[in-house]
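Participant: The following block contains the structure, expressed as structure tokens.
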Amino acid sequence: MRVRNGWPVALLAGTLVLGGCGGDGGSGREDSADERPAEESPEPAGPPTEFATEPAARIDTGPITHPPLVVHGERAWVADEAGLNLVDLTTGRATARVDTEEPARYEPWRAEGATTPEEEAAAAEQAAATRRVVAPLLAELDGEPAVLAAIPVGDDSAPELELVAAHAETGDVLARVPFTPAFWREEAPDGQVSARVVSVHEGLVAIQPADGNQLAGAVVVDLARREVAWESDDFALMAGHGDTLAGVASRDDGSATVGVALADGREVWSDPIAGAPSLQPMGRLFRIQESEDPAGPRLVETATGEPVITADDGLAKDMTCTPPDPEITAVVCDNEESGALAFDLESGEVLWRQPAGEAGRDGTWSGEVTASYRDRIYLDRDGRPVVLDARSGEVVAADSGVAPQVVAPGAALIAAGDHVDIHPARTD
């Protein structure tokens, strides 16, 4: 473990740090004022609640455990090691492609050396667990919908990242900013390099680099100047909202969760850590649980560091929460042992609680949350896909056909080995 950073991705990540192949559940999208994409086309009156059980199309991605994409209307921007594809969610076909200007550090995955179907399947399973393909971020730049990704380029002698911003509807490149984090100039990365665009605000882009399974600090890029505004190798960036970033800082006297100003990295709040932390970013909030903190987990305001939801409200150890979508007003936190609670994202008011129980028993919680979209929660209850209203906890669909990992206006998207299956929404 690097002393300089010392924060394994898995320890801090919860489910959302890399937001790509290694994540599970939710929309994989951060929520801030600058990250609300413009509507591409009229959407159905309500979110889809039933889907065809058989896929109508597929998106070839290589081995994955979670779709490495972000939805934009009836299309999706899909990441691979060397760039982004804009894919039609009706046909699964790419309509535009954005590549890095410099040679990509990694090539898109191919099964090499496998001579039998069994060997190919084993190679694909291993690749799905180790690939670092990170979902891009939808944002708004100068009033236009945009997609942003930080893609590894260069080679071992000169590792770089290339920040690419493209128009979300046309694929036209809006900006490219290649850069090498200072900490990689001092010490070359040991593992597979990756990076996640965490947030965008007033032309400043916050990026979370990773070296294998370890976070590698933070970099903020100024798009207008096409240059790095500031960077840090002792601040593990985890979340961002508006003009504030949150994460974990290493110090001589221990570590702390901190909030820093997006513009210059200046510390704006700090809270000492009691034991190893687990963080889950959630837009304007983040969830933190510390291994030696008797107070238990809490949901914290990114801008102030103040707790919004705590164990006193019913938040239990090891609960994970649905990531906020721009159209979600309620967030659900759950686990099988402790049940679930939901709260209003704006006010922090607890809306409902359900104790853990058996599948199908009224008023109790069971199942695994697989996705959230427009105040709907999609569950897998012992193989039975169910949809709940996030604000009331009531069942909206007792059998949704499939349990999606990502929901689009007209489809459920599910990772299926080396591709993503597209299950169209039922309209009858």
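The values are calculated or read from the model by the stated rules, or taken from the named source; none is laboratory data. What you see is a predicted model; the values in this text were computed from it and never measured. Cβ sites come from the backbone with ideal geometry, for glycine too, and all protein chains shown count toward neighbours.
Participant: Only one of ALA175, ALA165, ALA206 is farther than 24 Å from VAL268 by Cα, buried (at least 19 other Cβ atoms within 10 Å of the Cβ) and modelled with pLDDT of 95 or more; which?
Facilitator: ALA165
Participant: Of the residues that make up region 305-322, is at least one closer than 25 Å to VAL406 by Cα and outside any loop (DSSP other than H, G, I, E, B)?
Facilitator: Within region 305-322 (the criterion being closer than 25 Å to VAL406 by Cα and outside any loop (DSSP other than H, G, I, E, B)), the answer is yes, since at least one residue qualifies.
Participant: Restricting to region 60-77, give me the number of residues that are assigned to a strand (DSSP E or B), under 12 Å from GLY417 (Cβ atoms) and among the hydrophobic types (A, V, I, L, M, F, W, C).
Facilitator: 0
Participant: Of the residues in region 181-202, how many are surrounded by 16 or more Cβ atoms within 10 Å (Cβ to Cβ) and assigned to a loop (DSSP other than H, G, I, E, B)?
Facilitator: Here is the first cut: in region 181-202, the ones surrounded by 16 or more Cβ atoms within 10 Å (Cβ to Cβ) are 181, 183-184, 189, 192-201.
Filter once more, keeping what is assigned to a loop (DSSP other than H, G, I, E, B): 181, 189, 192.
Matching residues across region 181-202 total 3.
Participant: With respect to PRO67, is the statement that it is crowded, with 22+ Cβ neighbours inside 10 Å and farther than 26 Å from THR130 by Cα true?
Facilitator: No.
Participant: Which condition number in (1) in contact with an Asp or Glu (Cβ under 6 Å, 6 or more places away or on another chain); (2) modelled with pLDDT of 85 or more; (3) farther than 18 Å from LEU379 by Cα is the one that GLY283 fails?
Facilitator: (2)
Participant: Quick check: anything in region 212-225 without any contact (Cβ under 8 Å) to a residue 60 or more places away in the chain, part of a strand (DSSP E or B) and surrounded by fewer than 18 Cβ atoms within 10 Å (Cβ to Cβ)?
Facilitator: The answer is yes, given that some residue of region 212-225 is without any contact (Cβ under 8 Å) to a residue 60 or more places away in the chain, part of a strand (DSSP E or B) and surrounded by fewer than 18 Cβ atoms within 10 Å (Cβ to Cβ).
Participant: If you check ALA415, ALA408, ALA403, which single one turns out to be crowded, with 21+ Cβ neighbours inside 10 Å and over 17 Å from ALA135 (Cα atoms)? Lay out the reasoning, then the answer.
Facilitator: Numbers: ALA415 fails: over 17 Å from ALA135 (Cα atoms); ALA408 fails: over 17 Å from ALA135 (Cα atoms).
Going through ALA415, ALA408, ALA403 in turn, just one is crowded, with 21+ Cβ neighbours inside 10 Å and over 17 Å from ALA135 (Cα atoms): ALA403.
Participant: State whether one or more residues within region 79-101 are closer than 20 Å to GLY212 by Cα, small (Gly, Ala, Ser) and either part of a strand (DSSP E or B) or without any contact (Cβ under 8 Å) to a residue 24 or more places away in the chain (or both). Explain how you work it out, then say what you get.
Facilitator: Filtering region 79-101 down to residues closer than 20 Å to GLY212 by Cα leaves 79-83.
From what is left, the residues that are small (Gly, Ala, Ser) are 79, 82-83.
In the following step, the residues that additionally are either part of a strand (DSSP E or B) or without any contact (Cβ under 8 Å) to a residue 24 or more places away in the chain (or both) were identified as 79, 83.
Scanning region 79-101, I find at least one residue that is closer than 20 Å to GLY212 by Cα, small (Gly, Ala, Ser) and either part of a strand (DSSP E or B) or without any contact (Cβ under 8 Å) to a residue 24 or more places away in the chain (or both), so the answer is yes.
Participant: Can you name the condition, by its number, that GLY296 falls short on among (1) surrounded by fewer than 22 Cβ atoms within 10 Å (Cβ to Cβ); (2) at pLDDT 90 or above?
Facilitator: All conditions pass for GLY296, except number (2).
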